[in-house]
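Okay, structure first, notes after.
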Amino acid sequence: MLLSLYLQKRQFPLYPVKSPLPPNLKLQSKSGQIRPLTLPQDLYDPLIDYKSNIDSHTLPLKCSKPAAYVTTHSLYLSCNPNPLTPPPMAPIDPHSFTDSSHPLATHISLSLYFDFSSSTILASALLSLSSPHSGPISLDARSLSISAVLNPQTLSPLPFSLSSTTDPVKGQSLTVSLSNLSQFLIVFSTSPSSSALQWLSPPQTFGKTFPFVYTQCQAIHARSIFPCQDTPAARIRYSARLNVPRQLAAVMAARHVDRRPPASGEAVMACDDAIWCGEGRVVEEFVMEQSIPPYLFAFAVGEIGSREVGPRTRVYAEAAGEVLDAASREFAGTDEMIRVGERLFGAYEWERFDLLVLPPSFPYGGMENPRMVFLTPTVIKGDASGGQVVAHELAHSWTGNLITNKTNDHFWLNEGFTTYAERRIVEAVQGEDIAALNIGIGWRGLVEEMERFKDNMEFTKLKTNQEGVDPDDVYSQVPYEKGFQFLWRIERQIGRPAFDEFLKKYIATFKFQSIDTDMFLNFLKANVPGIENEIDLELWTEGTGIPSDAMEPVSNIYAKIVSLANEFKLGRMPREDEVADWRGQEWELYLENLPKSVEASQLSALDACYRLAESKDYEVKVAFLQLAISSGCRDHHSEVERTLKEVGRMKYLRPLYTALVQGSGKEEEKIFAKRIFLEARDCYHPIAQGVVESILSKHL
Ligand SMILES: [Zn+2]
């Protein structure tokens, strides 16, 4: 009689359910368990990927024995499971070829042979589905050479096709045809231009003796290391065997299992046994038992040493005593932060919280790879203030890694929550004043982004539409700071104790799931009844610009610094006694509150007093140099050049290159910028290369 109801997330909105469901609906999980379906709770069931409103006109009105069952994709409701209307094909993520009608891989087993002489990895990947599948399955790939796709049992080839055109954002789609198979093996190799990998030659390392390679997979670069459904909607577990030269060590954002000689047969087609078991090679084995979005896949291989800094934390870095010593001093307070995080947000679920300090070319401040955070060495400032970046990456252990944005359109769910959580940790460990300074620095950053996106206000929204857009190109402070402001606004509305309780419940409800903005809003409305009448939730999530109920922090230090910055505009330099106890953050805030363009002579006088251009704190140095460039002050060009050649952190590259090339009448600066990039390019990670190229091409 009455047939199926197909729920698909993309037909939002989600919940509350408008029409009452017929009674006695049963839910059958993938493991076969049958129990009554209860709404809305089951909309949060981790087995159900897509939660959706129920479309009233397709609802059976009289349904005697309806059944419901869940696939990795969808919740189906049906009186009679056959026939079900097959779900329409639809991409589930604007940045991926993953299709809603294909099953998701749940596990990947990798064999990786590192060939440093050619900057490539010879590899195989065994992908597992939760149940046998017949038909196509599409994966993402970028600059990979696929040599075969095989049935892992019989080693007979399976039909596959790699799209002949390369999408500038997504790369290529690799489509494999399966016939009642739940596993398939892909044999492939990476290219030297893999966008996730930076291969450093020995002279580019600290020790100068051995090469080094490391990953950065966020936002959509995992696909340049192995073919996968490279969307955060698809969480995977994995195991990996890394075959590396014996002098080197491998680390991963996963549990280390073993370091041992290679054994024949375990290359799993990645390369010949003779190569795999060659002289001077060693295998490092890892497993990741918790499901992660692919962008959290991470490894580094090089001459790596470590120091213990806490019961759950070791600091890893190039094996040089001075680097490890400085890092272990800087991060000595890490375990205290983990304990604060646990008190605020619930148990730390990832067992280890290790830190890897990378070479200066690392493109981000930190990357929240689970179990092992990757860090730029620029956070080691010698005064433990680098702990703030660690607090941010640690906070991701709950928001981002446990609860993940379903696509990059909802990136604020990762970064806004994490910025909020980071500041709560900082407040508990370093005090309210420091937290207020951070909020103030963030506020200035947010205001500046409004200027940057004034011609493209889409990217001042929290919930964005990134169809056809490269996430690296629109990376900004908006998801961080506007997201923070939104959550802070809710906290002010309902009070901190209630908000803390809400946060804990949010994390407990959605952990190990990937969610979108609507799911958050529905959860908020269900748990804070009437909130939509107090705060314009739609304006906050879908509106452009900064809502009028956002606010700057209130604190004495913050107000003092802003007022000193205002006085600078009138020609008054801060006195030595006024800045005597300033550290990096105070200076950073001061500089960011100065007008974009000031008198060059005034800047030189400021620098003569306080030596900001040579500050060891890159935040201060770069804020000053940016101001100097945009004020037309050329005294510091040599310092600008040194900085751009020394570090590859995009937080510094972006403003400095932009200040050099943006605007008219700056021919000399433009030539200068082009020359530096030409000379420094090889020292940048491919993601940073791409970002600088896009800045230059926009303005040159
Ligand atoms: Zn973050």
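Some points to look at:
- The alpha-carbon of Lys621 sits under 17 angstrom from the alpha-carbons of these aspartates and glutamates, leaving out residues fewer than 8 places away in its chain: Asp383, Glu586, Glu588, Glu592, Asp607, Asp635, Glu639, Glu641, Glu646.
- Remark: the Ala90-Arg246 segment gains 51.5 nm on full extension, using 0.36 nm per residue and subtracting the alpha carbon distance.
- Stretched out straight at 0.36 nm per residue, the stretch from Ser163 to Ser597 would grow longer than its current Cα-Cα span by 151.3 nm.
- Estimated inter-spin distance, Glu538 and Ser664, nm [label 7 Å along Cα→Cβ]: 4.2 nm
- Gyration tensor verdict on segment 343-542 (Cα atoms; rounded if a/c is under 1.5, prolate if a/b is larger than b/c, oblate otherwise): rounded
- Legend: distances between Cα atoms for Lys406/Lys504; Lys616/Lys698; Lys645/Lys666; pairs beyond 25 Å are Lys616/Lys698.
- Taken about its Cα centre, segment 561-699 carries a charge dipole of roughly 540 debye when the Cβ of each Lys and Arg holds +1 and the Cβ of each Asp and Glu holds -1.
- Label-point gap, in nm, between Glu578 and Ser179 - each point 7 angstrom along Cα→Cβ: 8.0 nm
- Segment 561-699, relative contact order in percent, only Cα pairs under 8 angstrom and at least six apart counted: 19 percent
- Chymotrypsin sites (Phe, Trp or Tyr not before Pro) within segment 497-550: DSSP coil, no more than 14 neighbouring Cβ in 10 Å: Phe512
- Cut-off of 10 Å, at most 10 other beta carbons, DSSP loop: longest stretch of the chain lacking such GluC sites (Glu not before Pro): 1-278
- Global geometry of segment 492-649, whether rounded, prolate or oblate, following the gyration tensor of its Cα atoms and the 1.5 cut on a/c: prolate
- With the helix formula -39500 (n - 2.57) applied to DSSP H stretches of n ≥ 4, the chain reaches a computed 222 nm mean residue ellipticity of -10000 deg cm²/dmol.
- For segment 446-484 and segment 513-527, distance of Cα centres in Å: 21 Å
- With each label modelled as a point 7 angstrom along the Cα→C-beta vector, the Ser638-Ala526 pair spans 6.4 nm.
- Inter-part distance where segment 201-262 and segment 634-700 are each reduced to a Cα centre, Å: 29 Å
- One way to sum up the overall shape of segment 423-505 is the equivalent ellipsoid from its Cα gyration tensor, whose semi-axes run 27, 16, 11 Å, largest first.
- Taking the C-alpha atoms only, the angle from helix 667-680 to the longest principal axis of the chain is near 60 degrees.
- Centroid-to-centroid separation of segment 345-398 and segment 139-168 [C-alpha atoms, Å]: 35 Å
- Alpha-carbon Debye profile of the chain, log10 I(q)/I(0) at 0.11 Å⁻¹: -1.22
- Think of the chain as having a plus end and a minus end, set by charges on the Cβ of Lys, Arg, Asp and Glu; of Ser201, Ala659, Ala240, Ala240 sits farthest toward the positive end of this dipole.
- Viscosity 0.692 mPa s, 37 °C: Kirkwood-radius Stokes-Einstein D of segment 561-699 over Cα pairs, µm²/s: 212 µm²/s
- Around the Cα centre of the chain, unit charges on the Cβ atoms of Lys, Arg, Asp and Glu (plus for the first two, minus for the last two) sum to a dipole of about 1620 debye.
- Angle in degrees between helix 686-699 and the longest Cα principal axis of the chain, rounded to the nearest 10: 60 degrees
- Cα gyration tensor category, rounded, prolate or oblate, for segment 105-302 with a/c compared to 1.5: prolate
- Dipole of the chain, positive direction: furthest Cα of Phe184, Ala267, Ala600, with charges on the beta-carbon: Phe184
- Sorting Cys609, Cys217 from the fewest to the most surrounding beta carbons within 10 angstrom yields Cys609, Cys217.
Any read-out appearing in this document is the output of simple, stated calculations on the displayed coordinates, not a laboratory observation. Because the structure is a prediction, the values reported are computed rather than measured. FYI the Cβ positions are ideal-geometry reconstructions off the backbone, even for glycines, and counts take in every protein chain you see.
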